[in-house]
Structure formats: structure tokens, C-alpha cells
Amino acid sequence: MRASARPARARLLLVPVLAGALAVMAACSSQAGSSASSTKPVRGGQLVVAIDAQPTGFDPATADDPSPGAASVSNEIFSTLTVPTASGTYAPYLAESVQGNSDDSVWTITLRPGMEFADGTPINAAAIEYNLARIKATGADYTQVKTFQVTSPLTLVVTLNAPWSAFPASLSGQPGWIASPTALKSEGKTFAIKPVGSGPYELSSWSQGNQIVLVPNPHFWRKGLPYLSKVTYKIITDSSARLSALEAGNVDVAEVDPAQAAAEGINTSSQYKTYDMANGTDLVYFNTGVAPLNNILARRAVAEATNRPALIKSIWRGVGALANSPMSSANPFYTPVNFPGYNLQQAKQLVQQYQQATGKPFALTLSSSNDPTQELEAQALQSMWQAAGIKVTLAAPQEAGTYSETVIGKKYEAAIFGFPSILDPDQWYTLIWTPQGVLNVANYKNAIIGNAIVKAAQETTVQGRRAQYAIVNNEIAQQVYSLFIHSSVNEIAARSNVQGLNSLTLPDGTKAPFGQEFQVFPVETMWLG
Amino acid sequence: MARRRERKFGTLIWRRLVRMLITIVLVVTLTYLLLDLIPGNPAYSMLPQDQLTPANIAQVDHQLGLDKPFFARMGLWALHALQGNLGVSYQNSQPVASLIVSRLPVTLELMILAQLIGLVLALAIALVSVNQRRKVTSGFSTLFTVISLSLPNFILALVLVLIFAVKLHWFPATGFTPLSQSLSGNVSSMILPSLALGVGTAAVYAQVLSAELSKTLQQDFVQFAIAKGLPRRTVLLRHALRPSALPLVTLAGLNVGILLGGSFIIETIFALPGIGALAVNAIYSKDYLVVQGVVLFVTVSYVLINFAVDLLYSVVDPRVRRNAGAS
């Protein structure tokens, strides 16, 4: 019996598969980046942004956005009362003015007439008071406020328990998201998924874990804005996947890992534009409450045994600047700090001095989380410190939550950690660097630092506050309470036809700094060229 | 006699049901215990750094019931779970049950498409490989099977993204378009993820089907069909394929668990809003109640599916019922 000669089954099956693929390709649309750009804003267009996490909800009192990307969505739905400027002050934004009295113990917020929320509710002093009092009631913020008082339809007076010059800074973040009181009262808990705000966009739809779609708010108080007719935020948790989506043309803007983007040539390609955002400081906390790092000789030895530029080059591929304090050098409150530099010979001598002074060998344990970068960093630091004669044991890497507990519980000797990106230092310095601060994980007692932080909160000028923070940073460096390594950077990459990403202009025509406070990137002034 | 056989078969079903329930209870208990044994307080992951005060931590502990004894916690959770209440996600305050239900269609679609791709590819490969006249294509199918079995699905996913999304722009690299929004968009968004998950499955199915086909082709009834002068294609498709495909029924059922596990990674790579991505995010953010809910759902589903497969097998193959009656 002879088998008949027929086409292979596999070949026959390929035909419908290919036909289907061709049909899908025809149906697919991919956005090709246009190298032609327009300097004049163009109305219309739909922007797609890839972010790493979705907001936990849009209620200003309960939201806990896990990332800058998530916070960016919220910042399009709500306008804040103030926004940061490059000089360290806070310019009024939703508010027409925010004025403090002579000692910044009483603040007067004045609004523009005729503003409305997305549901048509007037934006007036009563609405502002409702929002701020609601935040105060949660205990999360404004605990320094004694009273809120509506003195006219457009004027709210806030009296504090003590002078607080950073009050305008608090109005630029989540506590300053102003939501419609009508909607807050009628929606209750569901407001978190059905927000009504004062921002340039309003929520059109939210497919949990997939995407969030915003459309223009017709009641937006800045006439003529926004330009785009739709903004879609795609939630893509994996950084490689976000980069792939950008390269494939599925998104127009994406948060990317700078090192990955550099490896893909995004920074040098004419198809894309990249913008760096401050992403905090990488450092090693020293537990100054236990041996060996309760001894300044030991702390200086470790600092001088660390070749920080080499570390930045090898771990972070040279992305990000050397850090000498909790603040980045771009921070308006920063002044240069003399932090111990790399000097291996000096480090060896300090190790010997320590051993002679204490009669003990210099040995310490270095802790890290199980983040791959931190593990690499730990190994590199171990190698550097051992070259100076320090015996270094690496603790078993811990999962992030457990590691936070270890560090905050001060159950470590030296610990790799991160300090968040800050524009106004008030909140974080009070929490972390004040000796009695809840997060003083370096476990030190230093009256110079404590007093300077308190004074900084009471200074009424940027120069005065800067001078106090200079005292704090210099004392931290002098005493080497921590080893500051690297000002890390996050990056936004956009296709070349995306315009206006870095140009949020204020009502008075000045430009707001990009990517500082909370590392958010504003969409309201963007357009597609 | 037939009635006695049916009664014994009914007893067999009943026994399997009981075994199924015991399995569910054991796995859920173990999962709850394991999650409880994870070191560290979830409050440190859940609360922002600036709110890590002892009072706030105690409040989170109270909300999660962590201040109660283990068995009291577990009993309360189990009681609520029986009523369909799996708790509320700490991350976004949504009911866990609603979150799972809303994400389920995406994962189901991915698994069904992956199974279909796997079965279609396996059929093609197996039929080609048993056709000994085509040694070249037979060798190619063997090579394909070996490579597919060796290649992890997430590596294949990344390769597919690089070639078909980034370089060729044929399909999106990430994202999901619901069927209700656009059929073409939905198909386009699911092709690469389904291929990534289905190709490895095809390799396993092809191996089993090839082996079974080779055995069946030696059977007397097949030899008789060949001797009658029937075309090879007819012999393969009409006589040999059905009895050879029975083990695939069991394998497909068992493979549901593997596909579900694979969906965790694939959904993360392709940013598909399914149960896998939900679970991964919940694990990272220590949203324990979501993790527990997903594990419970996956466990119960897997056990039910395999129970259904057992029943289906006994329907398709009368020998199973006969043997059950005889024992």
C-alpha cells in the first residue's frame, strides 16, 4: 500500500495562522514617532503614558500612592494650592496667594473668583477648609494647625500652634489635593474610585490593574488648558516591559530605568527625549548606638575606605551624582558639604587607631535588602572596607518589608538604605535627622542638629532656612553619622513628538521645576507635535 | 448487574469528592500557615516611611487581625471565606473577591488560548512525527519539541516581544484590550502572551501524543485498517487519533495548574491585568488578604478542574466505569 504524497499537515496549518497574523497586523496601529515637532501647542491628540503602579485610590485623606507614576495621575485630577519653584519657595497655584504673617504662625490663603470643581461646585474658602480639616482629622497631616477660619468667601486663615515656614510646602503635595466637597460628601468611600477634583483632567474610566483614562475637565480654572483630548495611563509594573512598550510604539511616555534606557540607546536616539528626576539618596546608615560605629574613628575609617565614584560607576553605570548629604546638590536648600573622601592610606591608619584605642579588632556586619542592586553594593563595600583592614560580614539579605523593620528597629550595625527625594527638607529632616525623630535610625543624639532643624522650621526666608540646614548637613558630615553615596535618578523617556513635558508654567508665567517634589511629571501642558 | 456497577461508580465519585474537600482544606491551612510564618510585620511594607510610628503599626496589626491568636485568625478568615467574603485589599480597599472576579476573564482567556495553541501545535507535530516517510520534517518536529521543552516560557516571551513588538511592530509589547472594546485589539494583545505560554505546553502534549500514536498504530485494529487499504491519513485521523488522545484529557487537566503558574510571569511581562499579575503585585506589596484569596481561588479551581477531568475521562472511556464497577 502506497501512502499518498500530500502537503505536510504543518504546512497546511501555517496558512490560516499566517493569514490571521496578517489580518491582525493590518488592524494593529502602531504609533510612529514623528521627528517633526511644533513649538506652538497643538490641541487634541491622545497621549499614552506607561507608569509602574496604579494609585491606591483618589481620596486625598486615604490615598497612599506607591510611586511617582501613581502620584502623577492624581496630580492631573487635583490641582494643589501651591507648587514648588526652583528657588525653594512655593508659588501659589490653585490659590491666588498664600501669605504668612511676620513669624509664619498664621497663614492666609486667598483664592481667585469664579473657579469651579469638575462637577460645577464653586472652589471657595469653605471648600478649602473642608478639605484641609478632613486631612487634619485623619492625623496624617496639619496636626500643627490650631484653627481654620473662613474670613470671606475667598479667604481662609490658618492659625498654627507654632511658627511653621514649611506650611506652603505641605499644600503642594497630597494634603493639598483639593476635591469637591459635594462629591466627597455624596460619594463617601467610593470617592476613592470616583474622584471629582480641580485639576486639568477628570477620570473617565479605570480598569483596575490595566489602565486609567482621563479626559479634559471642562471646568478647569486655567482657561485654554489642557491641550490633549485624552490621556491613558497604562499600568506596566515591570521596567523592562515599559521600555519595550515605548520602543514598540505602544506608549508615548514611560518611566524607565536610566541604566536600562542607556543600554538601549534611548538617551542618544533622535526618536526619544529623556528627562531625569531626582529619586533620593542611596546611603549606608551607621548605628551610632552600638559598637563599632559608636566610635567616630571607626565611622571615618569606613567613609575613607569607600571609593564612592568607583561604586557609582560600577553599580549604577555612572548614572547619578556623588552625594555628600541627604540633599541632592540640585536642591534649593543645598550648600556644599565637606564629606570625607576616599583615602585608603588614611583609612588604614584610622583602623589601627581604633584598634589601639578600643583594644578590639575592627569588625562589623553590613546589612542589605534582597534587592539585587543592594546586594551588589554590599559585596562591593565589603571588598573596599576589607582592603582597609576592616573585617566585614554580610548579613543575609532580607525582603524589603522585613528589612525596613530591621533598620527602623535599629537592629543593625551598618545598613544600606535609601533616603527619599525631597525638595523641602522640613518633614523628612524632622522625622529622620532630628535626634528625637521617629525615624532617627542612625540612633544619635546631637543637640546642634536638633536645634538647627527646629530653627529651620521657624525661619521665614529661604536663605535663613538654608543656613540652618547647612549647619545640620555639615554636622552630619563632620560626625559621619551616615555614609552618603549616590543621588539616584529616575528617568522619563518620551517619543520625540511629545512636547511640553518639562514646561509647567505658573499663572504668573514662570516655570515650575520638573520632577522635584514627589517626582511627578505634569501632563497638563503637554501636547503632541 | 448494571445497577450494581452504577452504584459502585457512584461510591467512587463520592470518595473522590471527599478527597477533594480534604485536599482543599489541607492546602488552604498550609498556605495560611506559610504566609503567617513569613518573617517581619506587614505594616512595614504597607505604611509609608513617614508613618511608621508604633501607634500606626499597632493600628495596621489590629486591622489585619494580627493581634489575635493564629487559630482565631484563621478560623475567622475561613468562616468569612465560606460566605464569599475574602476580606479587603489593603492596597486599594477593594473587596478581594471582586478583584479576583474582575481579573479572572483575562487569565481564563490567556489559559484557553494557550491550551488551544498547545493542542493544535501538538496535533500537527505529533501527526508529522509519526509519519515516518517524512524523516526531515519528523526530525524538525523532534527538534522543535526539544527546544520548546528546554526554553522557559518567560525567555520565549522576551524573545517574542523583542522580535514581533519592538523590531517588527506587529503586535503590542504590553497591554490588554478587552473583547468588549475591540475584537482585533483583543486578539492582537493576546497573541504573543498565548504563544509564550502555549508553545511549551505544545511540546509536552506532542511528546505524549506521539508516543500514544506510535503505540496505537501497532494495535490490531489499526493494522487491519491499513490492510483494508485505507489511506494513511484516514487511519491516523479516524482510527488511531481518538484512542491516543485520551491521555491528553488528563494531561490537559493537570496542565491547568502549570498554565496558571506560568500566567503569573507572562501576565507581568505583558502587563495583562489577570489574576497572576494581581498575585505578583500583592506579594510585593504584602497585601496578604489578596494573596490568601488568590491562593484559595487557584487551589479550589485546580481541584475542581481535576475532579471534572476525572469524571470526563470516565465518560469518554467506558472501561473506567467498568473497572470501577468490577472493584
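Nothing in this text is a laboratory measurement; each read-out follows from the coordinates by a stated rule. Everything numeric here is computed off the predicted structure, so don't read it as measured data. Neighbour counts run over all protein chains shown; Cβ positions are idealised from the backbone, glycine included.
Projecting the Cα atoms of B:A271, B:G185, B:N281 onto the charge dipole of the stretch B:171-282 (Cβ charges, centred on the Cα centre) puts B:G185 farthest toward the positive pole.
I need the calculated FRET efficiency for the pair A:S186 and A:R317, taking r as the beta carbon distance and R₀ as 60 Å, to the nearest 0.05. Between A:S186 and A:R317 the formula returns 0.70. Multiplying the residue separation of A:T393 and A:A263 by 0.36 nm and removing their Cα-Cα distance gives an extension gain of 43.5 nm.
Overall, the stretch A:394-445 carries a charge dipole of about 200 debye about its Cα centre when +1 sits on the Cβ of Lys and Arg and -1 on the Cβ of Asp and Glu, all other atoms neutral. Of the three principal axes defined by the Cα atoms of the stretch B:1-123, the extents in descending order read 72, 39, 25 Å.
Pick out which of B:L248, B:L110, B:L162 has the largest mean-square fluctuation in a Gaussian network model of chain B, springs linking Cα atoms closer than 10 Å. Of the options given, B:L162 has the highest mean-square fluctuation.
Measuring against 24 Å, Cα to Cα, the residue pairs A:K234/A:K313; A:K410/B:K286; A:K40/A:K511; A:K40/A:K223 contain A:K234/A:K313 as the ones spanning a longer distance.
Volume per residue for the stretch A:411-529 equals 144 cubic angstrom (convex hull of Cα atoms). I need the shape label for the stretch A:320-417. Rule: rounded when a/c is under 1.5, else prolate if a/b > b/c, else oblate, with a, b, c from the alpha carbon gyration tensor. Oblate. Only aspartates and glutamates eight or more places from A:K189 in sequence, or on another chain, were considered; those with a Cα closer than 14 Å are A:D59. Just the Cα atoms of chain B, one point each, no solvent: what log10 I(q)/I(0) does Debye give at q = 0.09, 0.10, 0.11 Å⁻¹? For chain B at q = 0.09, 0.10, 0.11 Å⁻¹, log10 I(q)/I(0) is -0.64, -0.77, -0.89. Prolate is the label for the stretch B:33-189, because a/c, from the alpha-carbon gyration tensor with a ≥ b ≥ c as root eigenvalues, is 1.5 or above and a/b exceeds b/c.
Within the set of other residues whose C-beta is less than 14 Å from the C-beta of A:I212, count the net charge using Lys and Arg as +1 and Asp and Glu as -1. Neighbour charge sum, excluding A:I212 itself: -1.
Please work out the FRET efficiency for the pair A:Q458 and A:N338, using the Cβ-Cβ distance as r and a Förster radius of 25 Å; give the result to the nearest 0.05. The computed FRET efficiency comes out at 0.40. Which of these, B:V256, B:V222, B:V161, has the largest mean-square fluctuation under a Gaussian network model of chain B (Cα springs below 10 Å)? Checking each option, the largest mean-square fluctuation is seen for B:V222. Compactness of the stretch B:204-299 was expressed as the Cα radius of gyration divided by 2.2 N^0.38 Å, which yields 1.71.
Per the Debye formula on identical point scatterers at the alpha carbon atoms of the stretch B:199-249, with no solvent, log10 I(q)/I(0) at q = 0.19, 0.31 Å⁻¹ is -0.60, -1.15. Summarising the label geometry, the points placed 7 Å from Cα in the beta-carbon direction at A:T274 and B:F154 lie 2.5 nm from one another. Here the label points at B:T53 and B:T29, each 7 Å from Cα along the C-beta direction, are separated by 4.2 nm in the simple model. When only alpha carbons are used to place a centre, the stretch B:227-290 and the stretch A:115-161 end up 56 Å from one another. Along its three principal directions, the equivalent ellipsoid of chain A from the Cα gyration tensor extends over semi-axes of 42, 37, 19 Å, largest first. Quick one: grab the alpha carbon gyration tensor of the stretch A:238-297, order the square roots of its eigenvalues as a ≥ b ≥ c, and give me rounded if a/c is under 1.5, else prolate or oblate depending on whether a/b is larger than b/c. It is prolate, given that a/c is not under 1.5 and a/b is the larger ratio.
Overall, the stretch A:64-173 carries a charge dipole of about 220 debye about its Cα centre when +1 sits on the Cβ of Lys and Arg and -1 on the Cβ of Asp and Glu, all other atoms neutral. Taking Cα atoms only, the orientation of helix B:135-150 departs from the longest principal axis of chain B by about 20 degrees.
Each residue, A:Q478 and A:V215, gets one label point 7 Å from its Cα in the Cβ direction; the gap between the two is 6.1 nm. Overall, the stretch B:170-327 carries a charge dipole of about 680 debye about its Cα centre when +1 sits on the Cβ of Lys and Arg and -1 on the Cβ of Asp and Glu, all other atoms neutral.
Ranking A:P372, A:A301, A:S383 by Cα position along the charge dipole of the stretch A:289-385, where only Lys, Arg, Asp and Glu carry charges on their C-beta atoms, puts A:A301 farthest toward the positive end.
From helices alone, chain A scores -9000 deg cm²/dmol at 222 nm; the rule is -39500 (n - 2.57) for each run of n ≥ 4 DSSP H residues, then divide by the residue total. If you fit an axis through the alpha-carbon atoms of helix B:183-216 and take the longest principal axis of the Cα set of chain B, what angle between them do you get, 0 to 90°, nearest 10? Value to nearest ten degrees: 50. Shielding value for A:245-255 is 5, the average number of Cβ atoms from other chains within 10 Å of each residue's Cβ.
For B:K228, the aspartates and glutamates whose Cα comes closer than 16 Å to its Cα, not counting residues fewer than 8 places off in the same chain, are B:D220.
Here the average projected area of the convex hull drawn through the C-alpha atoms of the stretch A:37-185 stands at 11.0 nm². Eigenvalues of the alpha-carbon gyration tensor of the stretch B:141-261, scaled by 5 and square-rooted, set the equivalent ellipsoid semi-axes at 36, 16, 14 angstrom, largest first.
Structure remark: mean-square fluctuation, Gaussian network model of chain B, C-alpha springs under 10 Å; the largest value among B:L113, B:L79, B:L64 belongs to B:L79. Taking every residue in B:88-94 and counting other chain Cβ atoms within 10 Å of its Cβ, the average works out to 5.
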